[in-house]
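Student: Take this structure, written in structure tokens, and hold onto it; I'll ask about it next.
The values are calculated or read from the model by the stated rules, or taken from the named source; none is laboratory data. Quantities reported herein were computed from a predicted structural model and do not represent experimental measurements. Glycine also receives a Cβ, built like all others from the backbone with ideal geometry; neighbour counts cover every protein chain displayed.
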Amino acid sequence: MKGSPQVTLDEKDLIILDMLKRNARTPYSEIAQRLGISKTAVKKRISRLVESGVIKKFTIEYEVKTTIQAIVLIKILPGYDVPTVASEIAKNSMAESVYEVTGDYDIVVVARTYDVASINKLIDSMRRTKGVASTNTLIVLRSW
């Protein structure tokens, strides 16, 4: 069953997850060598992790010097379902990552776009989302 919390992970699974987190394109042969198992066994383990919902997606990390990255902190109005609001916000193509968090804010969005006008458009869109009380936007100046 996809997304089942009943999945039991062993040390090899955790190593696979760590290697794929660092580089989703790590060759099966490299993982197999590190674990001392066959490429076929690695493929089966990764397939099981995908099917069970442990691995939700394979993605890339990129940096284009002409992009602007922003972090948007969002407060939700009392009585609204945070996961529902977060899911609606995640539909926006400029939202790279959407996190439900603890603290003063309910949702954190990491967004990347090519200009400030697009960031404004994204923020306006989020503010119009039913249940959003307020936003606070941080523009990333530098990252390491």
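Student: Going through Ser87, Ser93 one at a time, which residue ends up being over 30 Å from Gln33 (Cα atoms), part of a helix (DSSP H, G or I) and of a type outside the set (Lys, Arg)?
Tutor: Among Ser87, Ser93, only Ser87 is over 30 Å from Gln33 (Cα atoms), part of a helix (DSSP H, G or I) and of a type outside the set (Lys, Arg).
Student: Tell me the residue from Val109, Val72, Val132 that is under 30 Å from Leu9 (Cα atoms) and surrounded by 15 or more Cβ atoms within 10 Å (Cβ to Cβ), please. Steps first, answer last, please.
Tutor: Numbers: Val72 fails: under 30 Å from Leu9 (Cα atoms); Val132 fails: under 30 Å from Leu9 (Cα atoms).
Step by step, each of Val109, Val72, Val132 is checked, and only Val109 is under 30 Å from Leu9 (Cα atoms) and surrounded by 15 or more Cβ atoms within 10 Å (Cβ to Cβ).
Student: Give Ile76, Ile139 a once-over and let me know the one that is of a type in the set (A, V, I, L, M), in contact (Cβ under 8 Å) with a residue 60 or more places away in the chain and more than 28 Å from Leu17 (Cβ to Cβ). Let's see the steps before the verdict.
Tutor: Numbers: Ile76 fails: in contact (Cβ under 8 Å) with a residue 60 or more places away in the chain.
Answer to the check: Ile139.
Student: Let me ask something else. Is the range 49-57 home to any residue that is among the polar types (S, T, N, Q), under 27 Å from Arg22 (Cα atoms), assigned by TED's automatic domain parsing to the domain that holds Arg25 and in contact (Cβ under 8 Å) with a residue 12 or more places away in the chain?
Tutor: Scanning the range 49-57, I find at least one residue that is among the polar types (S, T, N, Q), under 27 Å from Arg22 (Cα atoms), assigned by TED's automatic domain parsing to the domain that holds Arg25 and in contact (Cβ under 8 Å) with a residue 12 or more places away in the chain, so the answer is yes.
Student: In the range 77-91, is there at least one residue being in contact with an Asp or Glu (Cβ under 7 Å, 6 or more places away or on another chain), modelled with pLDDT of 95 or more and either surrounded by 15 or more Cβ atoms within 10 Å (Cβ to Cβ) or under 24 Å from Leu141 (Cα atoms) (or both)? Please lay out each step first, then the result.
Tutor: Going residue by residue through the range 77-91, those that are in contact with an Asp or Glu (Cβ under 7 Å, 6 or more places away or on another chain) are 82-83, 86.
If we keep only those that are modelled with pLDDT of 95 or more as well, we get 82-83, 86.
Now restrict to residues that are either surrounded by 15 or more Cβ atoms within 10 Å (Cβ to Cβ) or under 24 Å from Leu141 (Cα atoms) (or both): 86.
Yes, because at least one residue in the range 77-91 is in contact with an Asp or Glu (Cβ under 7 Å, 6 or more places away or on another chain), modelled with pLDDT of 95 or more and either surrounded by 15 or more Cβ atoms within 10 Å (Cβ to Cβ) or under 24 Å from Leu141 (Cα atoms) (or both).
Student: Follow-up. Looking at (1) at pLDDT 95 or above; (2) assigned to a helix (DSSP H, G or I), can you tell me which one Ile119 breaks?
Tutor: The failed condition is (1).
Student: So for the range 1-13 (the condition being β-branched (Val, Ile, Thr), in contact with a helix residue (DSSP H, G or I) (Cβ under 9 Å, 6 or more places away or on another chain) and modelled with pLDDT of 85 or more), does at least one residue qualify? Break it down into steps so the answer makes sense when it comes.
Tutor: Our first condition is that a residue be β-branched (Val, Ile, Thr); within the range 1-13, this holds for 7-8.
Filter again for in contact with a helix residue (DSSP H, G or I) (Cβ under 9 Å, 6 or more places away or on another chain), leaving 7.
Checking which are modelled with pLDDT of 85 or more leaves us with none.
Taking every residue of the range 1-13 in turn, none turns out to be β-branched (Val, Ile, Thr), in contact with a helix residue (DSSP H, G or I) (Cβ under 9 Å, 6 or more places away or on another chain) and modelled with pLDDT of 85 or more.
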